[in-house]
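Got a structure for you, written out below as structure tokens; questions coming shortly.
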Amino acid sequence: MERLQKILSQAGIASRRASEQLMLDGRVTVNGVTVRELGTKADPAHDDIRVDGRRVKVVERHRYLLLNKPRGYVTTRSDPQRRPTVIDLLRGVREYVYPVGRLDFDSEGLLLLTNDGDLAARLTHPRHGVARVYEARVLGVPDAHDLNRLGRGIVVDGRRTQSADVRLLPHGRDASEATIAITIREGRNRQVRNMCDAIGHPVRHLKRVAIGPLRDAKLKVGQWRELTDDEVDRLRKSAALNHHKGHEGHKGKRLRS
């Protein structure tokens, strides 16, 4: 017997937090009974578990996809405003995968999508501190004092950000802008943009270039590929997650656009 939100997450329905909201909204039933109690447990092998009337199936194969998200796409499975979503870019993917964390509508860069609920939960939990690296092109050129403030932490919305690794990247003669590499280990909404706003150097373009050990400078904007076995293993180690039987190998790096 396992908690219902964990079962839904492992089945690739949604993250644990989003699964809890599905329960609170009365969209989940077990053996025909609507379940709203978050502590409810069930047996996915024997119980009839449904979301919006559709039977939840145990995941037989986990998928791990790395997408180079373009600007102008929302990092959700669906959007009430009918804007393009990252799911629209995953042609040929039949499994129910969902984004791990968020990447702003106006930002681009690496985004992980999976139906491995355990890994997704650990990668997004602040306790595990999985690093994300961003390259931010900002207005003006921050000086050493500005960079030190970013590194020590900035008060945003009444709460100080965690310490970050910050460095100024080489730039040309244009003194009107600069590019900063920022490594953060928390996932607050629009965090990098808000940090740069706080030092008076607003972001003009933001790109995520690494998620934990994952990098891929050759993956073109709008393309996706499967993670390799080695990448999945390294990602698990970065989130302190032990290997389990749900992972099936994906040896290649087939590109999709």
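Say R0 is 51 Å: what FRET efficiency, to the nearest 0.05, do Asp43 and Leu139 get from their beta-carbon distance? Before the final figure, lay out the partial values.
Numbers: r = 56 Å, r/R0 = 1.10.
So, using R0 = 51 Å, E works out to roughly 0.35.
Something else about it: Among Met1, Met195, what is the fewest-to-most ranking by other Cβ atoms within 10 Å? Could you put the intermediate results ahead of the total?
Working: Met1 11, Met195 26.
By the 10 Å Cβ count, ascending, the order reads Met1, Met195.
Separate question: At 0.36 nm per residue, minus the direct Cα-Cα distance, what do Ser176 and Thr228 gain on full extension? Give it in nm, one decimal, please. Walk me through the numbers on the way to the answer.
On the way: separation 52, 0.36 × 52 = 18.72 nm, distance 4.06 nm.
Net length gain for the segment: 14.7 nm.
How many nm is it between the label spots at Glu186 and Arg159, if each spot is 7 Å from the Cα in line with the beta carbon?
0.6
Here is a follow-up. Please label the shape of the stretch 2-55 as rounded, prolate or oblate, based on the square roots a ≥ b ≥ c of the eigenvalues of the alpha-carbon gyration tensor (a/c under 1.5 means rounded; beyond that, a/b larger than b/c means prolate, else oblate).
Values: a/c = 1.29, a/b = 1.11, b/c = 1.16.
Rounded is the answer for the stretch 2-55, as its axis ratio a/c remains below 1.5.
Between Arg27 and Arg83, take the C-beta separation as r, use R0 = 30 Å, and let me know the FRET efficiency to the nearest 0.05.
Values: r = 23 Å, r/R0 = 0.77.
Working from the Cβ atoms, E equals 0.85.
Same structure again: Can you tell which of Gly109, Gly153, Gly187 shows the greatest fluctuation in a Gaussian network model of the chain with Cα springs below 10 Å?
Of Gly109, Gly153, Gly187, the Gaussian network model singles out Gly153 as fluctuating most.
Suppose R0 equals 30 Å. What FRET efficiency, 1/(1 + (r/R0)^6) with r the Cβ-Cβ distance, do Ala18 and His205 give to the nearest 0.05?
On the way: r = 29 Å, r/R0 = 0.98.
Given R0 = 30 Å and the Cβ-Cβ separation, E is 0.55.
Kindly identify the stretch 131-189 as rounded, prolate or oblate by the Cα gyration tensor criterion: order the square roots of the eigenvalues as a ≥ b ≥ c, call it rounded if a/c is under 1.5, otherwise compare a/b with b/c, prolate if a/b is larger, else oblate.
Values: a/c = 2.18, a/b = 1.75, b/c = 1.25.
Prolate shape, in that a/c is at least 1.5 and a/b is the bigger ratio.
Of Lys6/Lys237; Lys57/Lys237; Lys6/Lys69; Lys69/Lys218; Lys6/Lys57, which sit over 18 Å apart, Cα to Cα?
Details: Lys6/Lys237 21 Å; Lys57/Lys237 27 Å; Lys6/Lys69 28 Å; Lys69/Lys218 13 Å; Lys6/Lys57 13 Å.
Beyond 18 Å between Cα atoms: Lys6/Lys237; Lys57/Lys237; Lys6/Lys69.
Read phi for every residue in the stretch 81-89 and hand back ³J(HN,Hα) as whole Hz from Karplus 6.51 cos²θ - 1.76 cosθ + 1.60, θ = phi - 60°, with x for Gly and Pro.
8, 6, 7, x, 10, 5, 5, 4, 8
Could you list Asp88, Asp118 in order of exposure, starting from the residue whose Cβ has the fewest other Cβ atoms within 10 Å? All intermediate terms of the calculation are to be shown ahead of the outcome.
On the way: Asp88 11, Asp118 19.
Result, fewest neighbours first: Asp88, Asp118.
Just for the stretch 2-55, what percent of DSSP beta bridges are antiparallel, to the closest 5?
Numbers: 9 of 9 bridges.
That works out to approximately 100 percent antiparallel.
Ordered by residue, what ³J(HN,Hα) values in Hz, to whole numbers, does the stretch 212-229 give under the Karplus form 6.51 cos²θ - 1.76 cosθ + 1.60, where θ = phi - 60° and Gly and Pro are x?
3J(HN,Hα) across the stretch 212-229, in whole Hz: x, x, 7, 9, 6, 6, 8, 6, 6, 4, x, 8, 9, 8, 6, 6, 7, 4.
Here is a further query. Determine the gain in length on full extension of the stretch Arg55-Glu2; use 0.36 nm per residue of separation and subtract their C-alpha separation, reporting nm with one decimal.
Details: separation 53, 0.36 × 53 = 19.08 nm, distance 1.70 nm.
That works out to 17.4 nm of additional length.
Name the long-range amide H neighbours of Val56: under 5 Å, sequence gap of 5 or more, or other chain; modelled H, no Pro or chain starts.
Sorted by chain and number, the residues that satisfy this are Ile49, Arg50, Val51.
A further question follows. So what are the ³J(HN,Hα) numbers for the stretch 50-58, from phi and the Karplus equation (6.51, -1.76, 1.60; θ = phi - 60°), rounded to whole Hz, Gly and Pro as x?
Once θ is set to phi - 60°, the couplings for the stretch 50-58 become 9, 10, 6, x, 9, 5, 7, 9, 5 Hz.
Sticking with this one: Sequence-distant or interchain residues sharing an amide H contact under 5 Å with Gln223, placed H: which?
For Gln223, whose amide H was placed from the backbone, the distant partners under 5 Å are Asn68.
Normalise the Cα radius of gyration of the chain by 2.2 N^0.38 Å (N = residues in it) and let me know the number. Spell out each step's value before the answer.
Numbers: Rg = 19.8 Å, N = 257, 2.2 N^0.38 = 18.1 Å.
After normalising by residue count via 2.2 N^0.38 Å, the value is 1.09.
Read the figures in this text as sums done on the coordinates, not as results from a lab. Nothing here was measured: the structure is a model prediction, and the numbers come from that model. Reconstructed Cβ throughout: ideal geometry from the backbone, glycine too, with neighbour counts over all protein chains shown.
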